[in-house]
Structure formats: structure tokens, C-alpha cells
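**Q** Right, I'll just put the structure down here and ask away after.
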Amino acid sequence: MPPKQLHLIRHAQGFHNLSVEAHNLPDPLLTPFGEQQCKELSASILDIQSLGCIVASASRRTLYTALVTFAPLLATKPNLNIIALPELQETSDMPCDTGSSVEALNIEFANKPVDLSHVHDGWNNKCSGPFEGRVDLVRKRCRKARQFLQRIEEENVAVVSHGGLLHFLTDDWTGAREGCGTGWSNTELRTYAFDMSTDTNIANATIHETETSLIRRKHTLKPLSNCEQIQLGAVAQRSWAEDGYITWADAPDATEATIQDELSEDDDYDRDGKAMDSGVCVSPASFCEPDKDDAKAITELLSCPAQLAV
């Protein structure tokens, strides 16, 4: 069985968050205020000792967010290490979103409870390969990240990642254009659970925010439908592409194309989206089948410059 709860957290304030010019800082550290944010988050997690696993992006700011936030837990569980997962790194190829070399990370975190066994040479190549900022590739690695998390046997898992990536990881685009490339605040925590209702959702490792988490952050926030999320995601992704946070694939229907690529290019799936040797059929169309009005709305949203302005 997958974990019962995923506690997703955006990293604390880094020096790159101080200004647009600071985006040129390579793999930045946390600011003193960011470290204080971590301590405040730690104090707010009443059941912190119930966490059995911590996973974080291999970027320095996410690893230090995890180290400072979960210091009380790590102190009582000497065998617990933070798992650094490259798939959770941020989307863009800006210096601030490009990680350090494996050698540098091994030196910096040598005496800290961080597991770097999943971080290999090339993980910080954001210009080509699987970690390039193309929408289809970001979606694909987010799916792999969810599948990795789905295989964890602990009931409660903490995951520290980045503002832009968390929208792709959750497929939740609410507030995506409210901030600078994200709707997540620094050290914001939202809780998700795996959707085990269908074979399609299990294969995709789909997650949904829990009702308690929704109430905690938005009181009476009404979750968007799948098609509404696709429409909002398309608008946000177009806007982020203009700002350089991702690369938009010029396809007739980019949203559907990325889902199809995500399935057909995965080693575990054939060209028809069927899971090999599992008997599970994952049809790309099953993610969302918008009617003509929905399709028209998506087209209008993508072609309206006023709605794409930040």
C-alpha cells in the first residue's frame, strides 16, 4: 500500500527569492529569514514524530529546508536520512534552479543525514535530457517522482520541493499565477493522498489534496474539476514559458500531447498507453475528455494575451 499521506512543502526563502536579479545565483542557500521559517514550520507540525520518511529535491535550499525543519525528528531517529530525489528539482534552467555537481553535494552533505544515492552525474543538466524544462519532460519526471513516492512503505511522508514543480507534481494549478512562477508560499505545507479509485489513477500515481488540508489553507475552497485544472494549467504554463520558467512545446494540443508523450515514452508503457505485463490500460483520453465548450474555452484562454500577463 502507498503512504496514507504526503505532506508537500515548498522550500523556505532562498537568496534567489529576494529579487529577480538574484535568479542568477547558482544553487542558492536559504536566507537567515528562510532558516527561521523552517523553525516556525517545524514547531507548527504537531505530529512531526509520526513521519517515517523525508524526500527532497537535491537542490541545496530544499535539502537545508528539510534538515532545519525536521531537525527534532532526525535527532530522535538516527537511522532516518533525507532522500535526495533529482526528479523533484525546479523546472527552469536558470542558475538558481540548476543544482550543484554530485561531487560538490557529496562534500557539502558528507556529515549530514542526507541520502544522495539517487543523484547521479547529469542530474543538473537543464539544457538537454530528462531534466530539461520542457513541459512534457517536466510532467514525465513528476509522474516518476509520484511513482517513487507511491512505493514508499511508510504511512506519513514529507516531501520538500519547489514552487513551480509542485504545480506539476500535484496537477493542481490553483493560484499558479498569483506569485512569481507559483501559487505556493515559502514553507507552505499541503497534505495529499494517493487516489486508488481506478487502475488509471493507480498507474499514474495520481494524488489529491485532502479535505483537511483544503480547509486548513482555504477554509471553503472548492476543488477544481480535471478539465478546469487543465484549462488553468495551460494558461499558467504559457505564462511561465514567457517568463523563462519552462519551455512550451508547440503542439496543436500541447496538454494532450504531453500526456501522450508521458505514457508512450515511458519504458513501462507501450505506444497505446497500456501498462506492459500488468493488464492495466491507461488511456490518455481518460485523464480528461472535454466537450466542445471546454475545448473552445482552452483555445480562447491560450490565444488571449491579456490573460497571460503576469
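The values are calculated or read from the model by the stated rules, or taken from the named source; none is laboratory data. All values derive from a computational prediction rather than experimental measurement. Note: ideal-geometry Cβ built from the backbone for every residue, glycine included; neighbour counts use all protein chains shown. The accessibility values were calculated without ligands, DNA or RNA, using every heavy atom of the protein model including side chains. Shrake-Rupley method; radii C 1.70, N 1.55, O 1.52, S 1.80 Å.
**Q** Counting only residues that are touching a Ser or Thr at 6+ places or on another chain (Cβ under 9 Å), among the β-branched types (Val, Ile, Thr) and surrounded by fewer than 19 Cβ atoms within 10 Å (Cβ to Cβ), how many does the range 148-165 have?
**A** Number of matching residues: 0.
**Q** Find the helices (runs of 4 or more DSSP H) located wholly in the range 1-77 whose residues include 2 or more that are open to solvent by 60 Å² or more (accessible area, probe 1.4 Å) and within 15 Å of SER185 (Cβ to Cβ), and list them. If you could, list the steps in order and put the result at the bottom.
**A** On the way: elements: 32-44, 60-69, 71-76.
So the answer is 32-44.
**Q** Still on this structure, please answer the following. Which of (1) in contact with a Gly (Cβ under 8 Å, 6 or more places away or on another chain); (2) open to solvent by less than 10 Å² (accessible area, probe 1.4 Å) is the odd one out, the single condition ALA84 does not satisfy?
**A** Just one mismatch for ALA84, condition (1).
**Q** Counting just the residues of the range 113-147 that are part of a strand (DSSP E or B) and not basic (Lys, Arg), which one comes out surrounded by the fewest Cβ atoms within 10 Å (Cβ to Cβ)?
**A** The first filter runs over the range 113-147 and keeps only residues part of a strand (DSSP E or B), leaving 114-115, 134.
Next, only the ones that are not basic (Lys, Arg) stay: 114-115.
Working: VAL114: 23, ASP115: 16.
My answer is ASP115.
**Q** If you go through the range 197-219, how many residues are in a strand (DSSP E or B) and open to solvent by 60 Å² or more (accessible area, probe 1.4 Å)? I'd like the intermediate steps shown before the answer.
**A** Kept after step one, since they are in a strand (DSSP E or B), are these residues of the range 197-219: 207-209.
Pick out the ones that are also open to solvent by 60 Å² or more (accessible area, probe 1.4 Å) and you get 208.
Residues in the range 197-219 being in a strand (DSSP E or B) and open to solvent by 60 Å² or more (accessible area, probe 1.4 Å): 1 in total.
**Q** I'd like to know if the range 71-79 contains one or more residues that are touching a residue at least 12 places away in the same chain (Cβ under 8 Å) and in contact with a helix residue (DSSP H, G or I) (Cβ under 6 Å, 6 or more places away or on another chain).
**A** yes
**Q** Can I ask one more? Could you go through the range 173-185 and let me know if any residue there is open to solvent by less than 20 Å² (accessible area, probe 1.4 Å), at negative phi and not in a loop (DSSP other than H, G, I, E, B).
**A** No, the range 173-185 has no match at all.
**Q** Something else about it: Could you tell me how many of the residues in the range 103-112 are over 11 Å from ALA84 (Cα atoms) and either of a type in the set (S, T, N, Q) or in a helix (DSSP H, G or I) (or both)?
**A** So the answer is 6.
**Q** Can you confirm whether the range 225-243 contains a residue that is within 27 Å of GLU155 (Cα to Cα), open to solvent by 40 Å² or more (accessible area, probe 1.4 Å), more than 18 Å from the chain's Cα centre (by Cα) and modelled with pLDDT of 75 or more?
**A** no
**Q** Can we say PHE168 is out of contact with any strand residue (DSSP E or B) (no Cβ under 7 Å at 6 or more places or on another chain), in a loop (DSSP other than H, G, I, E, B) and either aliphatic (A, V, I, L, M) or crowded, with 19+ Cβ neighbours inside 10 Å (or both)? Full working, then the answer.
**A** On the way: out of contact with any strand residue (DSSP E or B) (no Cβ under 7 Å at 6 or more places or on another chain): yes; in a loop (DSSP other than H, G, I, E, B): no; either aliphatic (A, V, I, L, M) or crowded, with 19+ Cβ neighbours inside 10 Å (or both): yes.
Considered against the rule, which asks whether it is out of contact with any strand residue (DSSP E or B) (no Cβ under 7 Å at 6 or more places or on another chain), in a loop (DSSP other than H, G, I, E, B) and either aliphatic (A, V, I, L, M) or crowded, with 19+ Cβ neighbours inside 10 Å (or both), PHE168 comes out as no.
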